[in-house]
Every structure is written in C-alpha cells, then in structure tokens.
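Colleague: First, the structure itself, so that you have it in front of you.
The values are calculated or read from the model by the stated rules, or taken from the named source; none is laboratory data. Nothing here was measured: the structure is a model prediction, and the numbers come from that model. Virtual Cβ from ideal backbone geometry, glycine too; neighbours counted across all protein chains shown. Heavy atoms of the whole protein, side chains included, go into the accessibility calculation; ligands, DNA and RNA do not. Shrake-Rupley method; radii C 1.70, N 1.55, O 1.52, S 1.80 Å.
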Amino acid sequence: MQRSAPVDPTKMGVGKAIAVLTSGGDAQGMNAAVRATVRVGIYTGAKVYFVHEGYQGLVDGGDNIRQATWESVSMMLQLGGTVIGSARCQDFRSKEGRAKAACNLVKLGITNLCVIGGDGSLTGANEFRNEWSDNHYQSEAKHSSHLNIVGMVGSIDNDFCGTDMTIGTDSALHRIMEVVDAITTTVQSHQRAFILEVMGRHCGYLALVTALACGADWVFIPEMPPDEGWEDHLCRRLTYQRSIGNRLNVIIVAEGALDHHGKPITCDIIKNLVTKKLSFDTRATILGHVQRGGTPSAFDRILGSRMGVEAVMALLEATPDTPACVVSLSGNMAVRLPLMECVQVTKEVTKAMAEGRFEEAVKLRGKSFENNWNTYKLLAHVTAPDVKSNINIAIMNVGAPCAGMNAAVRSAIRIGILQGHSMLAVHDGFDGLAHGAIEPMTWGYVGGWTGKGGSNLGTKRSLPARMIEEISLNIAKFNIHALVIIGGFEAFVGGLELVTAREKYEELCIPLVVIPATVSNNIPGSDFSIGADTALNTITTTCDRIKQSAAGTKRRVFIIETMGGYYSNNNMCGYLATMAGLAAGADAAYIYEEQFGIHDLETNVEHLLEKMKTTVKRGLILRNEKCNANYTTDFIFNLYSEEGKGVFDCRKNVLGHMQQGGTPTPFDRNFGTKMGAKAVLWLTEKLKECYRHGRIFANTPDSACVLVMKKRATIFQPLSDLKEDTDSEHRIPKTQWWLKLRPILKILAKYKISLDTSETATMEHVIKKRGTV
C-alpha cells in the first residue's frame, strides 16, 4: 500500500466511461464483480456500460453495449454464472475483429475496460490495449489516445498465477464437497471405494483441496504425477485403511491427471485397478459442469465485490504508462499485479509440467498451492515411525463449538502420530483437563472427522484460573509435554492464564499453542478464525431466502440479528454482520465497533424510504446482537415499522445458534487441517529447544503462542505480545482489518459517503514476489 494525496472519490470518474465484460468459462461470483464495478463506477461519477456476450458483444456492438444503472444490477449478487453473458469469440482473435471492437468503444467514449475472465481472455485484453494507438484506430480515436485495462480473474480452476484465489474457486469447492458428503454416506454403508473426478485440465487445485477437505486416501493432479509403481502403492494404502477399520476409500482425480509418461490417469483406469487387484466394490463419479453451477459462496461474493471496487480505482488512477493489471487478493489484502507477468508465470507452469519439472511446477503455482500439497503429503503417509519420541501432546477444544474444529483435531492428532508422539484427547475443555477426562487417540479414531461440525471432543467455556492446581496435577499425572488449545476467546484467555501460572506451577512450563476457532472471528492477532467462514455462509444463505420472500410482497424491510458471540454478554465483534452485509447486499449493518446513534438510524430509514421509490422495493438490515444495549433489535424493528408506515412494512429474524451448526465449508475444513498440522510441527521443534537435563522446561514468552493468520502468512505470535491489542472487556481485538471494508458496504448500498483514496494498492511484481515469499 502507498499513501498519496486524497482526492474526492465521487469526482474521480466524471467525464469518463467504463465498460465491463465477462469472458470465457463462467464462474460463480462474476455477478458480484459486475455489480460492484457498476455501482462504484457510478459512485465516482463515471458512465458504466455492460458488454453482453463477452468479446463477441464487443465486436458486434449495437445493443450488446448498453449503459448500466444502479437498479440494473440489483438482485444479481446471489446468482451463479454471469447475467451479462459470456461467449467464446473467434472474431476477436483477428486484428480486424479487434478493430471493430475498438470502434464500438470509441463511439461511446469508452477508454476504460474491465475484463472478468481467465488467462486467455486477459491476454486478449492486453493485445487489444497494445493495438489501441495503432494508426488503424486513429480516425476514430482522436480523443481516446489510450485504453486502460484492468482484469479480474474468473476461473473455477484457480489456475492463474500471482493470485491466491480466483473468482468462482471457493463456490466450485462448495459444490464438490456437497457431492462428496452425499456420496460418502452411501459408500460407507456398503464398504465401497469411491473415485471422484473433478475439473482441472491443467491445474489440480480443486482436486488437491477436495482431497484435504474430505481426508481422501489419494489424489491425482497434473502438477505432480505419481511415482513409478503407483498402482501397487495405491492398493497397499487402500488395503491398510480397510485393515484399521475404515469402511470407505476416497480417491480424487483431476481431469488432467497424468502419469510420468504423460499418459492420462482416468476414473476408469483406477476403478479397473482397484476392482481387479483388491476386489473392492468400487464406484466412480465424474462431476462435470455441476461444479460451475449454483449460488456463489459468501467468499466469492466478497471477493468479487472487493475486486470490483479495486478494479474501478485502478482504472481511474491509471496513466498511459500504467501496464494492464490484474486485481486480486493476497491474504486479505487487495493487490494489483502486472497482467502479462501473471500470464507469463501461468505459462511457465504448463511448460515446467511438459518438461517434467514437477517440483518447480508446484512452486510456480504459488505458496498456497505448495502448502496444500505439503500438508497432503504429510497426512497421506499413514505409516507411523518405528521409533517413538516418548512425547505426549494433549489436544483440547475450549469455548463455543464451531465448524472446522474437528478437522484441526484430526490433522493435529495424525501429524503427531507420524512424528512418533503419543496424542492425548482432553474432553470438555479445561474442565476435562482438571478432572482427568483424558484418553489416548489413535489414527483410526479421527477418521471422517473433517466433514463433521461442532466439537467431537466436547467443549466448555470454563477458564483454568479457578482450577489451576488440579490442571497442573493432571499435566504431571498424564505426563503431558505440550498442549494444543483449539477455540475462541476463552482459549486465548485460558492460554494467558496458564502462562501467568507458570511462575507458581512448574508443571505448566510446557510449550502450548492456541489455534483460533470461533464464529465471531475475534481472536487478537489473527485475521481469520476456523468456523467464521461456515457461519458467514449460513447467514448469507438465510439472507438470500429472506430477500427472495420479499420479491413477491415488495416494499418490505427485513431486520436480521447475527451473532457476535452469544455465550458472552460482552462479546461485541461485528465481523459476521459486516461480512454478511457485503455478501448478501445489505442496506446497513449495525455493529459495536462503529458507534451509531439516533441520527444514523434516521438516515438509514430515509435512505430506505427513497429506495422504495425505485424498482428495488426491499431492504435488508443486519444487526450484531450486542452492538448497542439500548438500540436493540426490537427497538430498531419498532422504529423502522413506525417510520416506514404506509411505505414499507418490517419483519425481523434472530438467527441464533444456527450460525454455529452445520457441516464445515471447504475453507474451514482446509484451514483447520493446515492449522492443526502446523501447530504440531511447531510444537515438535519447540520441544527440542526446551529439552534440558532430561526434561521439558518452557517458560519463555515464545513457548506459548497463538497460530495467527496475518495478511499473507500464518505466524506463531506469543500470547503475551497480544495482550496490548486486546479489548478484554468487549472481547475483541483493538485493531480489526475488516473495518476498512465498511465503506464499501455503504457505497454498494448507495450511501453518499467518502471513500479513503489516500491509501491505494501498489503494483506488485509477481516474478520478484515469487522469489521472496
């Protein structure tokens, strides 16, 4: 990020015109990106045009290029595919076709083009830009000397290098996991092997994350063909899984999977192998286009919305010397990347695979892909070492249950077993640790846990301070050498209490790590917590259904109460209300972190009264349950009902505990799996450091950490360092990154507020970035 002199964002686009098109294969979340581009473009004073049917519409012109209005993108957010259409276009591949497209844009005074598509679509856009100033166009382009291009990557394969996630990938994973969960129940009933082919002709991301998220026995991906003799290895692994009591085997195959000789590995080949060699009852399913369909996930809606905002800003800030760029997320940060550098690296991956440089291909895919591959490799090797470490590591859940906790427990236990440790499960949080509810865990015991919601270990909100003596005695009795605490704010506070008690109880001088897991996403130091994504999707889906019910009745405003931590009277975190507001297209989201009063409520009511005069005759208001002691959900409902009398009526809905339930989303399964593995690997190294005179002794601040996700990396941060960033009274961090997204929520709801333009995303270089990450 770089700071510059602030400019008035509502004047940035005056006298300018922006066109937006979707090209190539459709992806869920494209509509969110189109919606944000249109609304933010209009907010800046620019004219915004839809280009229907992708590049074909650009070449054909006429009614295919139409001016967009604020209302024309309403109710678009929750729709899959692309409302403005996409088409493969041969005409645009020729210079004559591109010349026609240029003339069509110039006639309308459009010199800013936002392209949402894959690497082919974006490469075409760059070529179009480079030809713009050729004499070929000069007759029409006297006042349009250059064309600004910004790309957003819409591709379910996540095959574009330089970006963490492309629009549509998370939604595709949702569709895949829905099928996996459904098929798993029937396969388990009959003790079958199950082979699933997912999309990914040149990229194995979907297959790899699916394998991690469902605990698959094997995954075949194009980037890393299996070693010679894989057939025997696969059969040995499947046989071993059956021998330890597993009733099913799961094999995931990317459609582009190859062996080392470049021969395709298909579902049929694997099915015939397993049936012939092992006589297992085997079924194969090819998912196909179902992965592209359906409603976009909350993540893809927020990603598309944020990228749409960033794309408009990048276009309006561009100069003739600015290279065409791609906007994307890196961690939780918006970044701008040179388009052709990304394309170059993407092509390098294909070249590396073709030349057999597979380790390099995995690295070129980026840090996220590489981490996923390394975690899969760790968990896929089920043979425990012959030599035991004589280390006992205990795992516990603390606080309210949330989806993804079980995935973290499973991976932590299995990684620990592979390290030669004895893994102990503590039931019912700190209560269980104090009362000796501790038992050894085996590899097979946690089988199938990744897809289960809640906490299989049991969890309580009790803190350790009042039972510290009993806890220290049990740590000694069960010879516990290290502790993994998975949970929410209570886990954080409980970890601090254990560290404080080290002065008095030597038994507590053991390494410990806290893994954030809470729907509230309120752990200091960490941008994300396990469980928050699942809760966010639950709220978003509910909001969709509620909004749909208003489509028939019209003139209706819904007020929805979300959690910020039901179990505590003081938990004020507004993360869920804000992010659900962005994902569901809310008109307002009331939270504790952004104080509001009667004048703000009055402004919101007036805004809705104006909205009811347009074609969009419905409203959605979100309220965090603890945002204000006096302006309760009932108060706001009564106020809106009274002030809207004769214009709109109101309904209210308290979502409650449904936000904590349900099966984990692919993100939470994958995130939990990686966090559990990282925590135990870190403890293994820390135990080596703390081993002195024949025993473990850890009393330094860096021996008790929270595993936090910060911007672009996961890091171990000492608990004691995070005390200063904690508002203990309200159970929230003092700094929260997502508050910067609040203005976007308001702008997309048509509030005339100011957007801070003094801090902009700088252009980053992918090739340099790859070398330093």
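Colleague: Hey, can you tell me all the residues within the stretch 475-498 that are surrounded by 21 or more Cβ atoms within 10 Å (Cβ to Cβ) and either more than 23 Å from Asn406 (Cβ to Cβ) or in contact with a Cys (Cβ under 7 Å, 6 or more places away or on another chain) (or both)?
Modeller: The answer is Ile475, His481, Leu496, Leu498.
Colleague: Using the structure shown, decide if Cys161 is touching a Gly at 6+ places or on another chain (Cβ under 8 Å) and open to solvent by 10 Å² or more (accessible area, probe 1.4 Å).
Modeller: Values: touching a Gly at 6+ places or on another chain (Cβ under 8 Å): yes; open to solvent by 10 Å² or more (accessible area, probe 1.4 Å): no.
So Cys161 fails the test.
Colleague: Give me the helices (runs of 4 or more DSSP H) completely within the stretch 152-267, filtered to those with at least 1 residues that are within 18 Å of Asp300 (Cα to Cα), at pLDDT 95 or above and of a type in the set (Val, Ile, Thr), ordered by residue number. Spell out the reasoning first.
Modeller: Details: elements: 169-190, 205-214, 230-243.
Result: 169-190, 205-214.
Colleague: Are any residues in the stretch 512-555 more than 19 Å from Ala589 (Cβ to Cβ), among the aliphatic types (A, V, I, L, M) and touching a helix residue (DSSP H, G or I) at 6+ places or on another chain (Cβ under 7 Å), and if so, which ones?
Modeller: Leu512, Val513, Val514, Ile515, Ala517, Ile523, Ile530
Colleague: Can you name the condition, by its number, that Phe194 falls short on among (1) open to solvent by 20 Å² or more (accessible area, probe 1.4 Å); (2) at negative phi?
Modeller: For Phe194, the exception is condition (1).
Colleague: Ile510 is checked against (1) modelled with pLDDT under 95; (2) in a loop (DSSP other than H, G, I, E, B) and fails just one. What number does that condition carry?
Modeller: Against the list (1) modelled with pLDDT under 95; (2) in a loop (DSSP other than H, G, I, E, B), Ile510 comes up short only on (1).
Colleague: Further question on the same structure: State whether the residues of the stretch 622-638 include one that is buried (at least 17 other Cβ atoms within 10 Å of the Cβ), of a type in the set (D, E, K, R) and over 25 Å from Cys573 (Cβ atoms).
Modeller: From the stretch 622-638, those buried (at least 17 other Cβ atoms within 10 Å of the Cβ) are 622-628, 631, 633, 636-637; that's our starting set.
When the remaining residues are screened for being of a type in the set (D, E, K, R), the result is 623, 625-626.
Within this subset, residues satisfying the condition of being over 25 Å from Cys573 (Cβ atoms) are none.
No, every residue in the stretch 622-638 fails to be buried (at least 17 other Cβ atoms within 10 Å of the Cβ), of a type in the set (D, E, K, R) and over 25 Å from Cys573 (Cβ atoms).
Colleague: Continuing with the same structure: Looking at the stretch 254-275, I want the residues that are in the same structural domain as Ala211 (by the TED database) and have a partner that is assigned to a helix (DSSP H, G or I) and open to solvent by 60 Å² or more (accessible area, probe 1.4 Å) with Cβ atoms under 6 Å, at least 6 apart or on another chain. Which pairs are those?
Modeller: As it stands, the answer is Leu273/Glu231, since those pairs meet every condition given.
Colleague: Which is open to solvent by 30 Å² or more (accessible area, probe 1.4 Å) and small (Gly, Ala, Ser), of Ala314, Ala298, Ala354, Ala334? So that I can check it myself, show each step before the final result.
Modeller: Numbers: Ala314 fails: open to solvent by 30 Å² or more (accessible area, probe 1.4 Å); Ala298 fails: open to solvent by 30 Å² or more (accessible area, probe 1.4 Å); Ala334 fails: open to solvent by 30 Å² or more (accessible area, probe 1.4 Å).
The match here is Ala354.
Colleague: Still on this structure, please answer the following. Might you check whether a residue that is in contact with a strand residue (DSSP E or B) (Cβ under 9 Å, 6 or more places away or on another chain) and either under 29 Å from Lys47 (Cα atoms) or without any contact (Cβ under 8 Å) to a residue 40 or more places away in the chain (or both) occurs anywhere in the stretch 168-175?
Modeller: The answer is yes, given that some residue of the stretch 168-175 is in contact with a strand residue (DSSP E or B) (Cβ under 9 Å, 6 or more places away or on another chain) and either under 29 Å from Lys47 (Cα atoms) or without any contact (Cβ under 8 Å) to a residue 40 or more places away in the chain (or both).
Colleague: So which strands (runs of 3 or more DSSP E) stay within the stretch 413-506 end to end and still have 3 or more residues that are in contact (Cβ under 8 Å) with a residue 60 or more places away in the chain and more than 30 Å from Arg237 (Cα to Cα)?
Modeller: Details: elements: 422-426, 438-440, 482-487.
Result: 482-487.
Colleague: Looking at the stretch 731-742 only, could you name the residues that are surrounded by fewer than 16 Cβ atoms within 10 Å (Cβ to Cβ), among the basic types (Lys, Arg) and over 17 Å from Val493 (Cα atoms)?
Modeller: Lys740
Colleague: Exactly one condition in (1) closer than 19 Å to Leu315 by Cα; (2) open to solvent by less than 20 Å² (accessible area, probe 1.4 Å); (3) assigned to a helix (DSSP H, G or I) is not met by Ile42; state its number.
Modeller: Exception for Ile42: condition (2).
Colleague: What number goes with the only condition from (1) in a helix (DSSP H, G or I); (2) modelled with pLDDT of 95 or more; (3) within 13 Å of Ile523 (Cα to Cα) that Glu724 does not pass?
Modeller: Every listed condition holds for Glu724 apart from (2).
Colleague: Please enumerate the residues belonging to the stretch 360-382 that are over 25 Å from the mean Cα position of the chain (by Cα) and more than 25 Å from Met675 (Cβ to Cβ). It would help to see each step written out before you state the result.
Modeller: Taking the stretch 360-382 and keeping what is over 25 Å from the mean Cα position of the chain (by Cα), we get 360, 381-382.
Residue satisfying the conditions is Glu360 alone.
Colleague: Turning to a different aspect of this structure: So the check is Cβ under 8 Å with 6+ separation or different chains; which pairs have a first residue in the stretch 626-651 that's acidic (Asp, Glu) and a second one that's buried (at least 17 other Cβ atoms within 10 Å of the Cβ)?
Modeller: Note: pairs meeting the criteria are Asp634/Lys652; Glu643/Val605; Asp649/Arg556; Asp649/Val557.
Listed here are the residues, each with its yes/no results for (1) in contact with a helix residue (DSSP H, G or I) (Cβ under 8 Å, 6 or more places away or on another chain); (2) open to solvent by 10 Å² or more (accessible area, probe 1.4 Å); (3) over 30 Å from Glu593 (Cβ atoms).
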position: Gly662; (1), (2), (3): yes, yes, no
position: Asn670; (1), (2), (3): yes, yes, no
position: Lys678; (1), (2), (3): no, yes, no
position: Arg695; (1), (2), (3): no, yes, yes
position: Pro701; (1), (2), (3): yes, yes, no
position: Thr714; (1), (2), (3): yes, yes, no
position: Pro718; (1), (2), (3): yes, yes, no
position: Glu729; (1), (2), (3): no, yes, no
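Colleague: Looking at Ser305, is it assigned to a helix (DSSP H, G or I) and of a type in the set (Ser, Thr, Tyr)? Break it down into steps so the answer makes sense when it comes.
Modeller: Working: assigned to a helix (DSSP H, G or I): yes; of a type in the set (Ser, Thr, Tyr): yes.
Judged against the criteria, Ser305 is a match.
Colleague: Tell me the residue from Ala318, Ala354 that is without any contact (Cβ under 8 Å) to a residue 24 or more places away in the chain, more than 30 Å from Thr538 (Cβ to Cβ) and among the small types (Gly, Ala, Ser), please. Step through it out loud before you land on a result.
Modeller: On the way: Ala318 fails: without any contact (Cβ under 8 Å) to a residue 24 or more places away in the chain.
Criteria check complete, one pass: Ala354.
Colleague: Among all residue pairs at least 6 apart or on different chains, which show Cβ distances below 8 Å where the first residue, located in the stretch 555-576, is among the small types (Gly, Ala, Ser) and the second is modelled with pLDDT under 90 and not in a loop (DSSP other than H, G, I, E, B)?
Modeller: As it stands, the answer is none, since no pair meets every condition given.
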